[in-house]
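J.: If you scroll down you'll find the structure; I have some questions about it.
The values are calculated or read from the model by the stated rules, or taken from the named source; none is laboratory data. What you see is a predicted model, and the numbers here were worked out from it, not measured in a lab. Reconstructed Cβ throughout: ideal geometry from the backbone, glycine too, with neighbour counts over all protein chains shown. These area figures cover heavy atoms from the full protein model, side chains too; ligands, DNA and RNA do not enter into them. Shrake-Rupley method; radii C 1.70, N 1.55, O 1.52, S 1.80 Å.
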Amino acid sequence: MARTLTRRSRYAALAGAILGSTLLTVPTAPPANAVTVTVRVAYIKDDPFGVNQYDVRFNGAVRSDGPNAYIIEGELDAYCHHGTLTGQSVRLDYGATRRSWQDVRYWCTDTPVPIRVRGSRDYGDTIDIKVGATSGSFNTYQFGETQRFNVGVD
């Protein structure tokens, strides 16, 4: 009878070892390749004499929020010349490259403002961001360069 218990113990230990090594070799999901990317976008406009009229900047970060979303966080700050007849506004435009633009707008005098927005995107799509101000004729918006950010997926 002692021999039977020893044999059973060995079989149980062997089964445990096989099961344990099998569990260790089960493939797992690939590591996430999402990154947080620093964002610095600007729109600057000077008059013909070199005097600064508009200086709009967004400093922050963009990151993946899963494979089909993203988050932009940071601060929108602006200087708008005081010699205008109407109030001036500034805006941050953002969107997935293969989707439409979204924006947030503020009066220039209300900046700096914290920004936190979440957007949707197609799997792995990049994010476009730009800033602008009502510096055009009849208070139309003019913008700085659009910058594109690849944040990966997670």
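J.: I'm checking my understanding of the structure. Among residues of segment 12-65 that are of a type in the set (Ser, Thr, Tyr) and in contact with a Gly (Cβ under 7 Å, 6 or more places away or on another chain), which one is modelled with the lowest pLDDT?
T.: Across segment 12-65, the extreme among qualifying residues is 64.
J.: Hey, another quick one. Looking at segment 70-91 only, could you name the residues that are open to solvent by 60 Å² or more (accessible area, probe 1.4 Å) and within 15 Å of the chain's Cα centre (by Cα)?
T.: Result: 73, 75.
J.: Take segment 51-69 and flag every residue that is within 23 Å of residue 141 (Cβ to Cβ) and either of a type outside the set (Val, Ile, Thr) or open to solvent by 60 Å² or more (accessible area, probe 1.4 Å) (or both).
T.: 51, 52, 53, 54, 55, 57, 58, 59, 60 - these are the residues of segment 51-69 that are within 23 Å of residue 141 (Cβ to Cβ) and either of a type outside the set (Val, Ile, Thr) or open to solvent by 60 Å² or more (accessible area, probe 1.4 Å) (or both).
J.: Those residues that are touching a strand residue (DSSP E or B) at 6+ places or on another chain (Cβ under 6 Å) and open to solvent by 10 Å² or more (accessible area, probe 1.4 Å), I need them from segment 116-127; list them, please.
T.: Within segment 116-127, 116, 117, 118, 120, 126 qualify.
J.: Moving to a separate point now. Give all pairs with beta carbons closer than 9 Å in which a residue from segment 119-145 that is without any contact (Cβ under 8 Å) to a residue 12 or more places away in the chain meets a residue that is in a loop (DSSP other than H, G, I, E, B) and open to solvent by less than 30 Å² (accessible area, probe 1.4 Å); count only pairs at least 6 apart in sequence or on separate chains.
T.: Matching pairs, first to second residue: 140/134.
J.: Just checking, does segment 92-104 include any residue being hydroxyl-bearing (Ser, Thr, Tyr), open to solvent by less than 60 Å² (accessible area, probe 1.4 Å) and out of contact with any helix residue (DSSP H, G or I) (no Cβ under 7 Å at 6 or more places or on another chain)?
T.: Among the residues of segment 92-104, at least one is hydroxyl-bearing (Ser, Thr, Tyr), open to solvent by less than 60 Å² (accessible area, probe 1.4 Å) and out of contact with any helix residue (DSSP H, G or I) (no Cβ under 7 Å at 6 or more places or on another chain), which makes the answer yes.
J.: Go through (1) under 20 Å from the mean Cα position of the chain (by Cα); (2) more than 22 Å from residue 70 (Cα to Cα); (3) surrounded by 16 or more Cβ atoms within 10 Å (Cβ to Cβ) for residue 112 and report which single condition fails.
T.: The one condition residue 112 does not meet is (3).
J.: Restricting attention to segment 128-154, report how many residues are hydrophobic (A, V, I, L, M, F, W, C), open to solvent by less than 10 Å² (accessible area, probe 1.4 Å) and under 12 Å from residue 43 (Cα atoms).
T.: Counting residues in segment 128-154 that are hydrophobic (A, V, I, L, M, F, W, C), open to solvent by less than 10 Å² (accessible area, probe 1.4 Å) and under 12 Å from residue 43 (Cα atoms) gives 3.
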